[in-house]
Amino acid sequence: MRSGAGRVLSLVVAAAVVVVALCTAHDSRTCHRTWKGREHLHPNVHKLPPPTDDELDEMKSLPRHLDWCERGMCTPSWNQHIPVYCGSCFAHGALASVNDRIKILHHTLGWKRPDVMMGRQSFLNCAPGHGLSHGCKGGEPADVYEFMRLYGLPDETCLHYNATDHTKYITSSNPNGTCPPEGYCIEYRPQRKRRLHGADVCLEYWRLSGEHAMMKELQHGPITCGMACSNEFVFNYTAGIFRDTTNFTELDHDVEIVGYGEDSHAGGTSYWGEHGFFKIVRGENNLVIESDCHAMVPDVADDVFVWDKVRPAYGGSIYGLRPYDQTKIARIERTLGNTSYISWNNTQHFTHELLHKPKHPMPMKLGATAASTWGQLAVVAVVAAAIGIVAGVVGTSCRHALYERIA
């Protein structure tokens with residue numbers, strides 16, 4: 001344990017499922033966590049090296065306390081066991097950080113919209129048929145992010161979670177359980193096979209491990225990490241900073257890390273732990289929680305066509321995204337200088353740097369004054385806006401056309 005001024009260094013963790021105790025290595029219904037192609041990095045084989053002197057110096061320069069929930073950037077928790085058990089902790093943990101990173105990105109863009117909760121069921125229905133996870137029998141966060149990179153993923157309003165997977169589609173003619181289009185989104189209409197769905201995409205993702213890499217990446221948003229659920233943790237934790245004493249290292253769960261800090265004590269309980277969260281010592285790889293983490297950058301470019309504040313190109317319908325009928329709605333105009341129309345600049349916002357180098361700092365507390373929305377808007381000519389819309393629609397159409405061909 002490293003300590004200073006009597007304080008214990010800790011990670012603040014969202015339990016991805018509210019009741020972590022129900023997903024444990026000692027339960028017959030374990031959440032199987034895979035290590036495809038990197039078994040040699042399993043904590044039973046590979047011990048994490050200590051931070052270098054340069055890494056220690058960089059950690060000292062980082063904020064001593066960070067909690068994205070305190071900044072109002074956390075979305076609601078899920079319960080993996082409702083309506084029934086499904087070993088999809090890896091998907092819950094991975095998508096929990098996606099939800100929060102999308103919220104951070106929307107905030108940075110000045111979009112004040114409801115939280116986006118990604119479609120867990122769409123992933124479980126469709127990804128295993130393409131070799132990405134085993135559905136309710138386990139997987140890893142990289143499976144989720146790779147599926148999002150290839151096909152995008154709709155939000156949960158498109159298909160609610162029912163704790164099933166691709167196996168319901170397995171037949172003699174479909175041995176892989178490849179999902180039909182309605183397994184991707186329930187509102188698929190055969191007569192409109194080429195319509196658009198608004199889908200968030202993963203621009204890039206990567207793996208990281210160790211206290212230094214985790215603290216550094218947490219500056220840009222929550223991350224997802226695997227952990228080992230010992231009996232001591234599952235049955236004894238209620239609140240405060242946990243340190244396992246059993247040396248249990250069988251990684252069998254995924255959780256979202258939302259921050260870190262230095263605490264002398266902590267309290268407060270809810271359905272499980274501290275309102276569905278827990279704290280664990282950091283810098284010790286306790287419960288191997290620092291061994292295998294994932295981070296990603298979301299691409300919300302599709303959202304711009306619905307959320308443009310002046311002239312949205314598309315609106316939602318039971319057939320997916322449809323062009324706005326401008327003859328039936330009043331055209332909204334705002335004046336900024338000598339330009340009548342303003343629009344999001346689709347070519348520059350959706351990059352890795354937006355999360356890693358935001359133009360404006362995040363508010364430290366919920367309710368703090370946000371950066372000016374006008375600072376996030378770009379004045380563009382009508383022709384340029386039209387070109388941007390066409391390019392985005394073509395890109396979105398290609399992604400979904402690709403999925404329909406493969407599916």
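The values are calculated or read from the model by the stated rules, or taken from the named source; none is laboratory data. Please read these numbers as outputs of a predicted model, since none were measured by experiment. Cβ: placed from backbone, ideal geometry, glycine included. Neighbour counts: every protein chain shown.
Of note:
- Across the range 30-74, the qualifying residues are those that are of a type in the set (G, A, S) and at pLDDT below 95, and the one among them that is surrounded by the most Cβ atoms within 10 Å (Cβ to Cβ) is G72.
- Selected residue (criterion: nearest to A91 (Cα to Cα)) from residues of the range 165-180 that are of a type outside the set (G, A, S) and buried (at least 18 other Cβ atoms within 10 Å of the Cβ): D165
- Unique residue being assigned to a helix (DSSP H, G or I), modelled with pLDDT of 95 or more and in contact with a strand residue (DSSP E or B) (Cβ under 8 Å, 6 or more places away or on another chain) when the list is Y145, Y205: Y145
- Some residue of the range 209-220 being touching a residue at least 40 places away in the same chain (Cβ under 8 Å), part of a strand (DSSP E or B) and touching an Asp or Glu at 6+ places or on another chain (Cβ under 9 Å): no
- Scanning the range 98-137 for residues that are within 22 Å of S77 (Cα to Cα), free of Cβ contacts under 8 Å to residues at least 40 places away in the same chain and either among the polar types (S, T, N, Q) or assigned to a loop (DSSP other than H, G, I, E, B) (or both) turns up N99, K112, P114.
- Residue within the range 83-97 that is in a strand (DSSP E or B) and modelled with pLDDT under 90 present: no
- P222 falls short on exactly one of the conditions (1) modelled with pLDDT under 95; (2) closer than 30 Å to E55 by Cα; (3) of a type outside the set (F, W, Y), and that condition is (1).
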